[in-house]
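Since the structure comes first, as structure tokens, the remarks are kept for the end.
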Amino acid sequence: MKKVLVLVAAMMAVVLSAKAEVEFAYEAGADLVSAYLWRGQYNGGLSFQPEGLVGFDANDGNIEFRAGVWANLGASDWMFKSNGTNLPFDCNTKFMPEVDFIASVTAYGASLGYNAYYYCNDGSDHTSELWVGYNFSHLFGDYAGAYINWYTTIAGGGDLKSAATLSDPFAEVQAFSTYIELGYDYTFDDYGLTLGAQVGLSPWESPLYGNEKFACTNLSLKVNKEWEFEHLTLDLYAVGSLNPDGMITDNKDPFYNVYINRAGDDKLYNQKLNGCIGVGVWF
């Protein structure tokens with residue numbers, strides 16, 4: 001947590017150093033989803049996902065800082081499944097809300113962020129990652145909704161090269177697993193409708209994403225309908241995701257797919273095609 005506080009303080013310093021009026025900002029709301037999908041991976045069934053962020057806007061919104069908490073409260077089927085693997089801790093019979101601490105600063109389309117994921121209610125498992133990104137709408141206007149984000153794991157349950165036996169399968173999951181997201185969103189302003197597409201790439205070996213070499217691990221499409229009211233915004237959306245790497249190879253290495261994507265019902269474990277519908281309320 002100390003690392004989080006140091007990074008948050010650094011981000012706030014960047015924002016507050018801007019020679020412009022600084023305004024307080026906040027985002028709060030929640031989603032109810034039929035399935036918890038993370039970067040195309042199925043992480044569980046029916047879930048409630050609240051989020052709260054606070055921060056500052058400066059220079060007419062060209063500089064933004066946000067920090068806060070996101071959580072996933074799943075239904076009874078959202079439990080890690082060991083499938084006989086000797087895991088370092090047993091979460092099979094526990095209710096396990098996920099709590100993530102997040103912080104980011106955006107300046108003229110470029111972003112730097114930090115995510116800390118906590119998965120198990122005894123606090124014994126967590127992952128931290130840094131990410132950078134750029135939204136091209138800053139250069140080309142709202143109609144150019146293309147963006148790119150790069151996420152790399154920097155801390156967690158172990159080092160990528162340290163796992164030698166099945167006694168510690170999580171140790172090979174963590175260090176330097178990387179996910180590159182290329183996306184494009186197009187909004188029909190007159191209808192409050194947004195169509196989005198994402199491509200997820202894992203550039204090198206990563207048990208976290210289930211690939212042994214460079215691979216496309218996620219192709220997603222999303223349609224979102226938004227209604228704006230005086231004090232809140234209501235979203236209704238649907239998402240479909242395909243794992244091309246998983247369609248052409250089925251990893252037998254027990255280090256693979258024992259982490260997040262072994263959550264949920266066993267019959268859904270090796271899904272290569274996922275989807276969900278959701279509704280969100282934001283203030």
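The values are calculated or read from the model by the stated rules, or taken from the named source; none is laboratory data. Just so it is clear, the structure is predicted and the values come from calculations on it, not from any experiment. Cβ coordinates were reconstructed from backbone atoms using ideal geometry, including for glycine residues, and neighbour counts include every protein chain displayed.
With the structure loaded, tell me whether A146 is at pLDDT 85 or above and either under 20 Å from the mean Cα position of the chain (by Cα) or not aromatic (F, W, Y) (or both) or whether it fails that test.
Working: at pLDDT 85 or above: yes; either under 20 Å from the mean Cα position of the chain (by Cα) or not aromatic (F, W, Y) (or both): yes.
Taking the combined requirement at face value, the residue satisfies it.
Taken together, K19, K94, K3 contain a single residue that is in a helix (DSSP H, G or I), among the charged types (D, E, K, R) and modelled with pLDDT under 85, which is K3. Filtering region 32-55 to residues that are in contact (Cβ under 8 Å) with a residue 40 or more places away in the chain, surrounded by fewer than 20 Cβ atoms within 10 Å (Cβ to Cβ) and touching a Phe, Trp or Tyr at 6+ places or on another chain (Cβ under 9 Å) leaves L32, G45, L53.
Every residue in region 22-61 that is among the hydrophobic types (A, V, I, L, M, F, W, C) and touching a Leu at 6+ places or on another chain (Cβ under 9 Å), please.
First, the residues of region 22-61 that are among the hydrophobic types (A, V, I, L, M, F, W, C): 22, 24-25, 28, 30, 32-33, 35, 37-38, 46, 48, 53-54, 56, 58.
Answer for region 22-61, where residues must be among the hydrophobic types (A, V, I, L, M, F, W, C) and touching a Leu at 6+ places or on another chain (Cβ under 9 Å): V22, A25, A28, L32, V33, A35, L46, F48, F56, A58.
Is there a residue being farther than 27 Å from L32 by Cβ, at pLDDT below 90 and of a type in the set (D, E) anywhere in region 206-215?
Looking only at region 206-215, we keep the residues that are farther than 27 Å from L32 by Cβ, and these are 206-207, 210-215.
Still in the running and at pLDDT below 90: 206-207, 210-213.
Keeping just the survivors that are of a type in the set (D, E) gives 212.
Checking region 206-215: at least one residue is farther than 27 Å from L32 by Cβ, at pLDDT below 90 and of a type in the set (D, E).
Applying the condition of being in a loop (DSSP other than H, G, I, E, B) and within 19 Å of V279 (Cα to Cα) to region 177-224 and asking which residue is farthest from the chain's Cα centre (by Cα) yields Y191.
Taking the criterion of being outside any strand (DSSP E or B) and more than 17 Å from A116 (Cβ to Cβ), the residues of region 39-74 that qualify are G40, G45, L46, N59, D60, G61, N62.
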